[in-house]
Amino acid sequence: MLGFVARRLLYLVPVLVAVSLLTFLIASLLPGDLAYVILGDQATPEKVAALRHDMGLDQPIWWRYASWLGHVLQGDFGRSFRTGQTVLQAVTERLPVSLELMVLAELGALAIGIPLAIACAVRSGSAFDRFMTGSAFGMLSVPAFLSAILLIYLFAVELRWLPATGYVPFEEDPVGNLRSFLLPALTLALGEWPVLMRVLRSDMIATLQEDYIAMARAKGLKPSRILLVHALKPSSLTLVTVTGINIGRLIGGTVIVESIFALPGIGRLLLGAIFTRDLIILQGVVLFVALGYVLMNFIVDMLYAVLDPRIRHGHA
Amino acid sequence: MTAAIRWRRFAQIFLGAAFGLALFAGAADAQKQGGSITVGLELDISGFDPLKVGVFDTAGFTAAAAIFDTLTYLDDKGVAQPKLALSWEHSEDFKTWTFKLRPGVKFHDGTPFNAEAVKANFDRQKDPANKCRCAFYIAYIHDVQAPDELTVVYNLNDPAVNLPAIFTIQSTNNVMQSPTAWKTKGDDYNRNPVGTGPYIVKSWTAGDRLVLEKNPDYWNKGHPYLDRIVLKPLPDAQSRFASLQSGEADIVWDDEYDADNIQKAQKDPKLAVHTYVGSGAQVYAFNTKVAPFDDVRVRQALVMAIDRKKMSQAITNGLSIPATNPYGEGSWVKCKDDGALPYDLEKAKALIKDYGKPVEFKMLLTATPRGRNIGQVLQQFWKQAGANMEMDQVDQATIVPRAFMRQFQLTPWRIVDLADPDPQMYANFHTGSPVALANYSNPELDKLLEHARITADPAKRIEDYCAVSRLVNQEAIWFWTFQNTYYAISSAKLKGLPKIYSGVIDISDVWME
């Protein structure tokens, strides 16, 4: 088992290097030289040349990447040229917000998806099942920026139940904190539950046809007990995987949702860094996100191995 | 003077004075102390250290106006009035200005505000070793001297007849920051600014909120009115407006491209739309050194083919206000005749026919929905006149170097709202200036610009600037589409917001009814 874990961890290294190299390349391909961005309307050729030299932009790209990587390996992720904040400061300040958002969104998606999946699986093929399948596809196609605005108009402007934008730190006011996360988390959850529901539904339908379920029914167990205890557990293997992988999708979603709801998370930091060509911050954030994603996949792999011994012995 | 006239004069003065006093008393009563407001801004504030941020963006300006003071401020009529400076005088040639400072003012950290502090602020930005992007805008100032505690002398390279007005904008150059603070805090100063202003920074959560609290020792007794101001970046226009409607924000930044919400707010009695038409304009420059724009007929034809009213309807639902000269409603330069070419499609067609060759060119535009929208509208106008424009959509950051290196045929540009036209007009149109984008040289134009910058009499300067406008309009080397219009939407209870000069939403002296 230990050897397996070490091997999987080792695989992460080339992935992270590849991601950071790609980001570095893409960021340097962005139109608009950083020196021009900084100098703005006084970007005379001499000043640009001088600034490029100061910032090391006149060095070849592989050299710049190598020196960035060298610093990162020593734990120095660099400093934003605009705000003077270090990457570590900026990321650690905003990470809790995005994590809370993602966890709440995923919980919300599970809370909507699991009951609906069970209900559909029990009555598979019924009008209800077909209706929910259709709705799931519908919800999957609604972009987050649209559902966000609709939710804001309904719950913040018309009903005034929840705040439209803003963030309240948990330690300041736990209830206010949850209230400020409710709409953004719901927005993300609305795009996530259909996937979870579809996956669980089909697994559950298969499980319900197993002999031991028929056996349980024959023993006269309560239907709710059969569903929640006997059928749900073995049906949720794929669900666990999909939930984990969904985190990647959610990271993309947070960029949009954090902007609309004005939450000070990683997504906003990333977006701001792109617009201001704050490449050091951009590089740092992408590296952290990649690390998070890769670790999440690693954990899913591990879970798989725990659940299914065939995988950890390498002959799946 | 007959007795009757004298009596009438007296009555006028007396009544005027009494009315004025009544107004003043009324206004004073209405101003309510206490309370707090939340301000919704478009952007994240990146900080306040000039060496770091270079220049403020719209969000930075609003915060800076509350934390810092400037030497002077612009009153309701657009005239410079004393703030940290009490009085000023200038030399005959307008190249030396002496300001007397307000005594007894202290920065939030207790550092005294004096002539040395003013000089330190200037020297730090001017120092070539600091490579401040802000240095560009003080290039016309040679040095600053502090002969005594409360006297500051500005020695200029170029004459500036309106220097006190130029000092009113709450820019990185003009706001006074505490030298002790930036020396002791180093890299952290950017996010821990210290000024003399009516509000003190209480806390700052990056990307979320900047909390300001009333400065109890503010030099202007009785001000400010509010106890607390919370500044929040709300980047999305729809949710920003929703926050205002639901009462989470009391005032929000906006612009005319958010026309739907502005027009909705105008009909809502609970909201107030604040708008100000500044000086300057949204402008475009032809490169007159390359075909087809080396021919004045083509340039004139394109300008005459633009129907600004229709364009305004198409891009901002009619909110954009057409511009016929580079000065705008907010400028003190008013021209009886600015020489603007009229909208005349037939004439435009005739001019292009007369030119004889096909008119095909590329226009630089920003790679934004806004840039594409503007490009498509212009494309249609010009097609009707018989000219083919191809859109060259590039990143905002690419436009500037392309413009500097004259790698364009037609480029968008900006004349921003400044208290005096000289800095920009001289830079944009004088032969040899790096931003004289049209590559156009005309001794008459140069002479007018040189005369206007050393003339004190506003009437004579207006004559010069109107002659400049006529010349530029007739030669069609640049053209102007719309005026710089600024918007803020607030709760109807928010009072005391001054004009949005230079687009700065200054909430430092507002109160809630």
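So which residues in region A:74-109 are under 22 Å from residue A:183 (Cα atoms), in contact with a Phe, Trp or Tyr (Cβ under 7 Å, 6 or more places away or on another chain) and surrounded by 21 or more Cβ atoms within 10 Å (Cβ to Cβ)?
Once the filter is applied, which keeps residues that are under 22 Å from residue A:183 (Cα atoms), in contact with a Phe, Trp or Tyr (Cβ under 7 Å, 6 or more places away or on another chain) and surrounded by 21 or more Cβ atoms within 10 Å (Cβ to Cβ), region A:74-109 yields A:97, A:101, A:109.
For region A:262-284, enumerate the residues that are farther than 19 Å from residue A:67 by Cβ and part of a helix (DSSP H, G or I).
A:266, A:267, A:268, A:269, A:270, A:271, A:272, A:273, A:274, A:275
Mind checking whether some residue in region B:261-276 is closer than 23 Å to residue B:470 by Cβ and not aromatic (Phe, Trp, Tyr)?
No, region B:261-276 contains no residue that is closer than 23 Å to residue B:470 by Cβ and not aromatic (Phe, Trp, Tyr).
Considering each of B:272, B:348, B:323, B:281 in turn, give the residue that is farther than 30 Å from residue B:250 by Cα, in contact (Cβ under 8 Å) with a residue 60 or more places away in the chain and crowded, with 18+ Cβ neighbours inside 10 Å.
B:323
Just to confirm my filter: which helices (runs of 4 or more DSSP H) fall fully inside region A:130-240 and include at least 1 residues that are in contact (Cβ under 8 Å) with a residue 40 or more places away in the chain, more than 14 Å from chain B (Cβ to nearest Cβ) and crowded, with 18+ Cβ neighbours inside 10 Å?
Where helices (runs of 4 or more DSSP H) fall fully within region A:130-240 and carry at least 1 residues being in contact (Cβ under 8 Å) with a residue 40 or more places away in the chain, more than 14 Å from chain B (Cβ to nearest Cβ) and crowded, with 18+ Cβ neighbours inside 10 Å, they are A:174-208, A:232-235.
With respect to the numbered conditions (1) among the aromatic types (Phe, Trp, Tyr); (2) surrounded by 20 or more Cβ atoms within 10 Å (Cβ to Cβ); (3) modelled with pLDDT under 95, which one is the sole condition not fulfilled by residue B:332?
For residue B:332, the failing item is (2).
Among the residues of region A:36-78, which ones are within 20 Å of residue B:52 (Cβ to Cβ) and within 29 Å of the chain's Cα centre (by Cα)?
Matches in region A:36-78: A:76, A:77, A:78.
With within 14 Å of chain A (Cβ to nearest Cβ), under 20 Å from residue A:162 (Cβ atoms), of a type in the set (A, V, I, L, M) and not in a helix (DSSP H, G or I) as the only criterion, which of B:249, B:242 stands out?
B:249
Among the candidates B:468, B:435, B:400, B:416, which residue alone is of a type in the set (Val, Ile, Thr) and touching a strand residue (DSSP E or B) at 6+ places or on another chain (Cβ under 6 Å)?
Exactly one of B:468, B:435, B:400, B:416 is of a type in the set (Val, Ile, Thr) and touching a strand residue (DSSP E or B) at 6+ places or on another chain (Cβ under 6 Å), namely B:416.
For region B:486-499, how many residues are under 16 Å from the mean Cα position of the chain (by Cα) and crowded, with 22+ Cβ neighbours inside 10 Å?
Residues meeting the conditions: 3.
Condition first: facing another protein chain (nearest Cβ under 10 Å), touching a residue at least 60 places away in the same chain (Cβ under 8 Å), in a loop (DSSP other than H, G, I, E, B) and within 24 Å of the chain's Cα centre (by Cα). Now tell me which residues in region B:194-239 satisfy that.
B:234, B:235
For region B:440-479, which positions are closer than 18 Å to residue B:420 by Cα and touching a residue at least 60 places away in the same chain (Cβ under 8 Å)?
Scanning region B:440-479 gives B:453, B:454, B:455, B:456, B:458, B:461, B:462, B:465, B:466, B:469.
State which residue pairs qualify: first residue within 11 Å of chain B (Cβ to nearest Cβ) and inside region A:271-285, second residue surrounded by fewer than 22 Cβ atoms within 10 Å (Cβ to Cβ) and among the aromatic types (Phe, Trp, Tyr) in any location, beta carbons under 8 Å apart, and separation of 6 or more residues or different chains.
Cβ pairs passing all conditions: A:278/A:81.
If we only count helices (runs of 4 or more DSSP H) wholly inside region B:341-459, which ones have 3 or more residues that are modelled with pLDDT under 90 and over 30 Å from residue B:317 (Cβ atoms)?
Per the criteria, B:396-404.
Does residue A:111 satisfy the condition of being at pLDDT 90 or above, more than 10 Å from chain B (Cβ to nearest Cβ) and either closer than 30 Å to residue A:231 by Cα or within 17 Å of the chain's Cα centre (by Cα) (or both)? Reasoning before the result, please.
Working: at pLDDT 90 or above: yes; more than 10 Å from chain B (Cβ to nearest Cβ): yes; either closer than 30 Å to residue A:231 by Cα or within 17 Å of the chain's Cα centre (by Cα) (or both): yes.
Yes: the conditions hold for residue A:111.
Every residue, every condition in (1) more than 30 Å from residue B:453 (Cβ to Cβ); (2) of a type in the set (S, T, N, Q), yes or no:
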| site | (1), (2) |
| --- | --- |
| B:98 | no, yes |
| B:102 | no, no |
| B:108 | yes, no |
| B:135 | no, no |
| B:144 | no, no |
| B:186 | yes, no |
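Please indicate, with yes or no, whether at least one residue in region B:403-414 is touching a Pro at 6+ places or on another chain (Cβ under 7 Å) and within 21 Å of residue B:280 (Cβ to Cβ).
Scanning region B:403-414 turns up at least one residue that is touching a Pro at 6+ places or on another chain (Cβ under 7 Å) and within 21 Å of residue B:280 (Cβ to Cβ).
Would you please list the contacts, defined by Cβ atoms under 6 Å and residues six or more apart or on different chains, that run from a residue in region A:46-65 that is at pLDDT 85 or above to a residue that is of a type outside the set (S, T, N, Q)?
If the second residue must be of a type outside the set (S, T, N, Q), the pairs left are A:65/A:24.
Out of (1) assigned to a helix (DSSP H, G or I); (2) within 14 Å of chain B (Cβ to nearest Cβ); (3) under 26 Å from residue A:168 (Cα atoms); (4) among the aliphatic types (A, V, I, L, M), what's the single condition that is false for residue A:250?
Condition not satisfied by residue A:250: (2).
Working only within region B:411-433, note down all residues that are in contact (Cβ under 8 Å) with a residue 12 or more places away in the chain and loosely packed, with under 15 Cβ neighbours inside 10 Å.
The answer is B:414, B:431.
When region B:246-263 is examined, which residues are found to be of a type outside the set (Asp, Glu) and either at positive phi or touching a residue at least 12 places away in the same chain (Cβ under 8 Å) (or both)?
Residues satisfying the conditions are B:247, B:249, B:251, B:252, B:253, B:257, B:259, B:261, B:262, B:263.
Where residues in region A:252-262 are β-branched (Val, Ile, Thr) and either closer than 17 Å to residue A:196 by Cβ or surrounded by 24 or more Cβ atoms within 10 Å (Cβ to Cβ) (or both), which of them is farthest from the chain's Cα centre (by Cα)?
Ranking the qualifying residues of region A:252-262, first place goes to A:260.
Based on what the data block shows, is residue A:36 touching a Pro at 6+ places or on another chain (Cβ under 6 Å), of a type outside the set (A, V, I, L, M) and surrounded by 14 or more Cβ atoms within 10 Å (Cβ to Cβ)?
yes
Only one residue in A:75, A:84 is within 11 Å of chain B (Cβ to nearest Cβ), small (Gly, Ala, Ser) and part of a loop (DSSP other than H, G, I, E, B), so which one is that?
Just one listed residue meets the conditions, A:84.
Please go through region B:27-75 and pick out each residue that is out of contact with any Phe, Trp or Tyr (no Cβ under 7 Å at 6 or more places or on another chain), modelled with pLDDT under 95, assigned to a loop (DSSP other than H, G, I, E, B) and among the acidic types (Asp, Glu).
Selection gives B:44, B:57, B:75.
The values are calculated or read from the model by the stated rules, or taken from the named source; none is laboratory data. The model shown is predicted, which means the values in this text are computed figures rather than measured ones. Counting neighbours? That spans all protein chains shown, and the Cβs are built from the backbone with ideal geometry, glycine included.
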